[in-house]
Amino acid sequence: MSLGAKPSGAFKYYEYGSSTMREYPHEYYRLEYSEKEGAVLSWAKCNSDEVRVNVPDEAVQTVDSLISSYKLYRLKKTYRPPFKVLDGTQWHVYISYEGGGVSCSADNAWPPENLKEGIKAVNAYLASLAKASGK
């Protein structure tokens, strides 16, 4: 796989997590797909317990489409803040396909705006699925 190219193969999972000094997790989403279970969404917010529900398989295509349109596979391994911060937000994004994946994490720093907007778009979609589940 060349650097910055979308991994090959079928979508396996997307995971985002963020935490602060006061909230662990602040926000957490994981959408995964397997032949056995179908599409499963897990989430937690503001120190809550994790909730796990099945969602329509179309959710996988939607998230994969968002990943592609925002080119989230171009995320770097890490991002660094311009100055040292002792408190703040830690976050990560993991994206996995059969042929490889992306692992990105940072402490008080974000990727370029277009990639940050992509992360927000995927998370907003997953939040809408969580809300629709009624749990």
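Once a ≥ b ≥ c are taken as the square roots of the eigenvalues of the Cα gyration tensor of the chain, is the result rounded (a/c under 1.5), prolate (a/b larger than b/c) or oblate (a/b not larger than b/c)? Cα axes put the chain in the oblate bin. The distance between label points at N114 and Q61 comes to 2.6 nm (points 7 Å beyond Cα on the Cα→Cβ vector). The label point for S48 and the one for S69, both projected 7 Å from the Cα toward the Cβ, are 2.6 nm apart.
As a length-normalised measure over Cα pairs under 8 Å and 6 or more apart, the relative contact order of the chain settles at 28 percent.
Close amide H pairs (under 5 Å, H built 1.01 Å from N) link T78 with S105, residues at least 5 positions away or on another chain. Using only side-chain charges placed at the Cβ, +1 for Lys and Arg and -1 for Asp and Glu, the dipole size of the chain relative to its Cα centre rounds to 420 debye. Note on E23 and S8: their simple-model spin labels are 4.1 nm apart, each label 7 Å out from Cα toward Cβ.
Bear in mind these aren't lab numbers, they're just calculated from the coordinates by the rules spelled out. It should be emphasised that the depicted structure is a prediction, and the values quoted were computed from it without experimental measurement. Cβ: placed from backbone, ideal geometry, glycine included. Neighbour counts: every protein chain shown.
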